[in-house]
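Below: one structure, written as structure tokens.
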Amino acid sequence: MAEELVAPDIRVAETLPSRFYYDEAIFENLLSVFTGWQYAAHDSELMANPVIPLHHIEAITGEPTIIVKGEKTRCLSNICTHRGMRLTSQPCTKSTLRCEYHGRTFNLEGKMKHMPEFEQAIGFPSDSDNLHEFAMHCWKGLNFISQEDKPHLPWSELNDRFEFLDIDSYVHDISRDRDHSINANWMLYVDNYLEGFHIPFVHPELNQALDYSGYSTEVIEGGVLQIGKASKGDVKFDLPEGHPDYGQDIAAYYLWLFPNMMFNFYPWGLSVNIVVPVSPEETRVLYRGYVKDDDLAQKGAGSILDTVEIQDQNIIEQVHKSMRSKVYDRGRYSPSREQGVHHFHRIISKIYEKLF
Ligand code: FES
Ligand SMILES: [Fe+2]
């Protein structure tokens, strides 16, 4: 069997070749990984607006979609089945979607209800006049959609850890929304997220809030969970007896789900980063914040998110510039600190080997 691009044994493995971070063909081909499960919206956003166009999904995959809360929550196409007009560009509370172009209407189940001037049309309406429905899954108030028939995200593996959190009841806080543009490849952003190795070097403030010696990384199918321990006296989760981490002072759970979703759980609530690949050399990172306890948000590891983000982005942009060097191609992994990056690179390299 041919040698694998990224060896399974982290102790001997080399990182992805640097062309992975700028090559146009690799970038374009890897975009196919984004049409699987993607984070759409939290239930609290749908309470405020039962119809939400998913602009970030369109930015990531090119597919215009909406999430709609009727009797059931659904993900529907945002394209009118007549001649292709967008149905809605803004979140709204409408119970009927009416196309602005020629007045076709749909209910919140995506069923076409009315179309002017079609009395003489034969075989109309048919199923293809209804809006296309995409797969949806809700995990503890977090709604995910998929444009393809892909295996589910590793929810069952995560339930033990997150069962104690009442994520469904968190509330979207619009003041925490951010939209950053970074001059770097999306995989460098993911690489950086997947290790806490750089915390003492890059994030002095975060390093004060976390006990670096207790930082740990667990790889799971299709994801990585990093656990940050709180420094003595800093804010921590109140873990119930029987929880896998009971007895430990946990400041944050950092969960990455392949390929581009990051869920950062703090005692105050949840911060989500959605990574949007724009080009081989440009990435957008969207932040969403969901609050459980605003008072706690001023303390500990979860209180300095903007500072940490800017520190990370500066580093990532510098690394990106190095990728075209003639003398740098691949590095090695720290077996004790970079298991997450290794796991991600293994997933990418296996997909790459199938594609090329
Ligand atoms: S495109 Fe929507 S009614 Fe014509
Ligand atoms: Fe960082």
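Just so it is clear, none of the values below were taken in a lab; they were calculated from the coordinates. Bear in mind the structure is a predicted one, so any value in this text is a computation, not a measurement. Please note: Cβ atoms are built from the backbone with ideal geometry, for glycine as well, and neighbour counts cover all protein chains shown.
Using a 10 angstrom cutoff on alpha carbons, build the Gaussian network for the chain and name the most mobile of ARG74, ARG346, ARG83.
Looking only at ARG74, ARG346, ARG83, the biggest GNM fluctuation is shown by ARG83.
Rank the residues CYS99, CYS138, CYS75 as a footprinting-exposure proxy: fewest other Cβ atoms within 10 Å of their Cβ go first.
CYS138, CYS99, CYS75
Please state, to two decimals, what the Cα-based radius of gyration of the stretch 37-149 comes to when divided by 2.2 N^0.38 Å (N = residues).
1.06
Report the semi-axes of the equivalent ellipsoid for the stretch 204-356 in whole Å, largest first, where each axis is √(5λ) for an eigenvalue λ of the Cα gyration tensor.
After scaling each eigenvalue by five and taking roots: 29, 18, 16 Å.
Consider just the alpha-carbon atoms of the chain and return their Rg together with their Dmax, both in angstrom.
That works out to 22.0, 75 Å for Rg and Dmax.
Which of the pairs LYS321/LYS354; LYS140/LYS229; LYS140/LYS292; LYS111/LYS150 have their Cα atoms more than 18 Å apart in this structure?
LYS321/LYS354; LYS140/LYS229; LYS111/LYS150
What list do you get for TRP155, TRP256, TRP139 if you sort them by fewest beta carbons within 10 Å? Before the final figure, lay out the partial values.
Details: TRP155 14, TRP256 25, TRP139 17.
Listed from fewest to most nearby Cβ atoms, that is TRP155, TRP139, TRP256.
Contour minus end-to-end for ASP9 and THR96, with contour as 0.36 nm per residue of separation and end-to-end as the Cα-Cα distance?
Between ASP9 and THR96, full extension yields 25.8 nm more.
Count the net charge of all other residues whose Cβ sits under 12 Å from the Cβ of ASN185, scoring Lys and Arg as +1 and Asp and Glu as -1.
-3
First measure r as the distance between the Cβ atoms of VAL171 and TYR212, then evaluate 1/(1 + (r/R0)^6) with R0 = 35 Å and state the FRET efficiency to the nearest 0.05.
0.65
Give me the distance in nm between label points sitting 7 Å out from Cα along the Cα-to-Cβ direction at ASP149 and PHE124, one decimal.
About 3.2 nm separates the two model spin labels.
Mind listing the Cα extents of the stretch 131-246 along all three principal axes, in Å, largest one first?
The Cα atoms of the stretch 131-246 stretch 53, 44, 32 Å along their principal axes.
Please go through the stretch 51-160 and write out the GluC sites (Glu not before Pro) that DSSP classes as loop and that have at most 12 other C-beta atoms within 10 Å.
GLU71, GLU100, GLU117, GLU119, GLU148
Give the separation of the Cα centroids, the stretch 144-198 to the stretch 16-67, in Å.
Answer, in whole Å: 12.
Label LYS326 and LYS232 with points 7 Å out from Cα along Cα→Cβ: what is the distance between them in nm?
Going from the LYS326 label point to the LYS232 one covers 5.4 nm.
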